[in-house]
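These notes are about the structure you will find just below.
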Amino acid sequence: MTRSIPDDTESRLAFEKKLRELRPKLHRYCSRMASSVVDGEDIVQEVFVKAVEAFPGKQISNLESWFFRVAHNAAVDFLRRRKRQEAVWSEEDPGMNIDNNASAADRQVAAASLRTFMHLPIAQRGCTILVDVLGYSLQEVSGITGLSVPAVKAALHRGRTRIRDLASEADDSVPPALSQEDLRRLANYVDRFNARDFDAVRNMLADDVRLEIVARTRIEGRQQVSKYFHNYSDVHDWRFVPGMVDRRPALLVLEPSDPAAPPSYFILLEWADDHVASIRDFRHARYVAESAEMIVFGSPVSLS
């Protein structure tokens, strides 16, 4: 005799399956809202927690829209906490006309770097990303953001205009760079890792080192984190090079069989003196690299 699965269990399983499937798409949105692939992943993790906590236990007519509404609210909360900009929801002109076939503007927004979006007020930022990057309709964006359709049209028009203006301006920003000390420590770690001298790498760990394997697990303490390196000793699909992601020191991971390909993922390190205090490994969250602005030292790599 087979036992049927209770309806609420089926609903939860479907709910969690859909959430996992949407994770890369949610990240594309959150990373552009935060102007950072790393901060974007932090928001996605918050979305997972909030969505599971808010699980209604019943069928939701449009689950994807519901998840994006949670993500949108989490991104706005994140930006408010970070206080990157003082203006939150700006007043928009509801009478603005939008060309829904504005393919040139669409392409310009879709190709914009993550840091470009930080110049837009949050309403404009959210609407341009949802429409021009992720392809949602005005009505869907209205449901996600809580704005009226006319307000979405106005925010979209202004956001596209601002991005077009930014694209025509000269980029006078200072290229990111690491200090000689950071570069020395990073290169030292890379050299030992590529040589598969994992005992030497373990000796670089702080006693209270923290490890996050993104989308999988978190562990703490030198003894527990030391076991992590067995995973890399058993595979041969990686070669590390020093670089930067979101202006942070990073190990960029190349595929040895295809050295001309862009990095497939990255690992962030934080230091306490000459010891590794934190490791954040994105091997199982490679979608993050798809939107990352990475710099391989000597060669910039921008994927948007």
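No lab work stands behind these numbers, since they all come straight from the coordinates. Given the structure is predicted, the values throughout are model-derived calculations rather than measurements. With ideal geometry, Cβ positions are generated from the backbone for all residues, glycine too; neighbour counts draw on all protein chains shown.
From the phi of every residue in the range 231-246, what ³J(HN,Hα) in whole Hz does the Karplus formula 6.51 cos²θ - 1.76 cosθ + 1.60 yield, where θ is phi - 60° and glycine or proline is x?
4, 7, 5, 8, 10, 10, 9, 9, 8, 8, 9, x, x, 9, 9, 6
When a/c reaches 1.5 or more, the comparison of a/b and b/c decides; with that in mind, is the range 15-84 rounded, prolate or oblate per its Cα gyration tensor? Could you put the intermediate results ahead of the total?
Working: a/c = 2.30, a/b = 1.76, b/c = 1.31.
Cα axes put the range 15-84 in the prolate bin.
Short version: ³J(HN,Hα) in whole Hz for each residue of the range 190-202, in order, from phi by Karplus 6.51 cos²θ - 1.76 cosθ + 1.60 (θ = phi - 60°), x for Gly and Pro, what are they?
Residue by residue, the range 190-202 yields 4, 4, 5, 5, 5, 7, 6, 8, 6, 5, 5, 5, 4 Hz.
Taking the range 208-272, which trypsin sites (Lys or Arg not before Pro) meet the DSSP loop condition and have no more than 11 other C-beta atoms within 10 Å? If you can, show how the numbers build up before the last one.
On the way: sites: Arg210, Arg216, Arg218, Arg222, Lys227, Arg239, Arg247; in loops: Arg216, Lys227, Arg247.
In loop regions of the range 208-272 (DSSP not H, G, I, E or B), the sparsely surrounded trypsin sites (Lys or Arg not before Pro) are Arg216, Lys227.
Please compute the Kirkwood hydrodynamic radius over the range 200-304, one decimal place, Å, based on all pairs of different Cα atoms. Intermediate values should be presented prior to the final figure.
On the way: mean 1/r = 0.0702 Å⁻¹.
Roughly 14.2 Å, rounded to one decimal.
Per 10 Å bin, what percent of the C-alpha pairs of the range 123-207 does each bin hold, from zero upward?
15, 24, 13, 14, 25, 9, 0
In Å³ and rounded to a whole number, note down the convex hull volume per residue for the Cα atoms of the range 207-250. Intermediate results must be reported in sequence, preceding the final value.
Details: hull volume 4.9 nm³, N = 44.
Cα convex hull per residue, to the nearest whole number: 112 Å³.
Net charge within 11 Å of Val201 by Cβ-Cβ distance, Lys/Arg positive one each and Asp/Glu negative one each, not counting Val201 itself?
Numbers: positive: Arg192, Arg196, Arg202; negative: Asp191, Asp197, Asp199.
After counting each charged neighbour, the total is 0.
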